[in-house]
Amino acid sequence: MRISPGFIRSADGSCLIEMGRTRVVCTASFVEGVPKWRAGSGLGWLTAEYGMLPASTGARKERRSPSPDGRAVEIQRIIGRVLRNVIRFEHLRERTIYLDCDVLEADGGTRTAAITGSYVALAQAVANAQSAGLCEPGAIKGAVAAVSVGIVDGRTLLDLDYAEDASAEVDMNVAMTSEGKFVEVQGSSERAGFDEERLRRLLAIARRGIGRLFALQRRAIGRKVQ
C-alpha cells in the first residue's frame, strides 16, 4: 500500500494511491456554486466522478462515450455518498467539491482504493481552501476509508485482487469512518449463502484493514498538510 500526496500539482488536492497493482489518481477541486436544487441554502455540496484509462485493464477499454457507463455511474455515486459522510456542508458555504478518480491500472478493488485516496485529496483541498478563507474550520469531521473482503476457496481474504475476486464465493466492499461507523457495506454470494458468523468475520477483517488504511492516510496528509 502506498499513497503519494500532491500527485497532480495543479489540483486543489490530489494523490496517487497504490494497492498492490491497482493504481488510482484522485483529485479534489473547489468550485464556486452548487447545483440548482441546492442554491440559496447556504450549504455546499460534494460529488464524484470515476473512470478507467483505456489500457487500465490490459485489453483496451473505450474512452467515455455519450451513453453512460453503468458501472462507472454506480461507482462514482458510491464514492460521493461515502465521502459526504465526513463533510460539514455548512462550513463550505455555497461551493462544490468535485472528486475525480481515474484508474491508471486495475487489479481489483478500484472503488475502495478510490474512496480511500479521495479522502486524502479531499483533506488537502479543504485545508488549502481554509487557508485561503474559502471555507470555515472544521469542514471535515473525520476520516473515511474502504477495503474489499471475500471468501475464496473457503478462506477469508482482505483486499482481493482481480483473480481472487473473479473466483470468490463471497465478495464484499466495506467503507467505515474513523469513528468506527459503517457507511457502505456491499456484499453478495456467487455460489452459496453465508451465515451470520461468517459475516461477522468478514466485517472484523475489514475493520482491521481499514484501521491500517487510516494510518496510511494520516501519514500522507501529514506530509502535505500541516
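Quick notes on this structure:
- Span from the region 1-58 Cα centroid across to the region 169-211 one, whole angstrom: 25
- Counted over all Cα-Cα pairs of the chain, pairs farther apart than 22 Å make up 51 percent.
- Range in the chain, longest, excluding exposed GluC sites (Glu not before Pro) [loop by DSSP; at most 15 other beta-carbon atoms within 10 Å]: 63-178
- Environment charge at Gly42 (Cβ cut-off 10 Å; Lys +1, Arg +1, Asp -1, Glu -1): 0
- Over the residues of the chain, the helix contribution to mean residue ellipticity at 222 nm works out to -10500 deg cm²/dmol, using -39500 (n - 2.57) for each DSSP H run of at least 4.
- Modelled spin labels at Ala166 and Arg2, positioned 7 Å past Cα toward Cβ, are 2.6 nm from each other.
- For the chain, a Gaussian network of Cα nodes joined below 10 Å ranks Gly70, Gly44, Gly33 by mean-square fluctuation, and the top entry is Gly70.
- Each Lys and Arg contributes +1 and each Asp and Glu -1, all at the Cβ; summed about the Cα centre of the chain, the dipole is approximately 640 debye.
- When Ser148, Ser178 are arranged by Cβ crowding within 10 Å, least crowded first, meaning fewest neighbours, the order is Ser178, Ser148.
- Springs join every pair of Cα atoms under 10 Å in this Gaussian network model of the chain, and among Ala127, Ala139, Ala192 the largest mean-square fluctuation is at Ala192.
The numbers here are math on the coordinates, done by the rules we state, and not lab data. Quantities reported herein were computed from a predicted structural model and do not represent experimental measurements. Backbone-built Cβ (ideal geometry, glycine too); neighbour counts: all protein chains shown.
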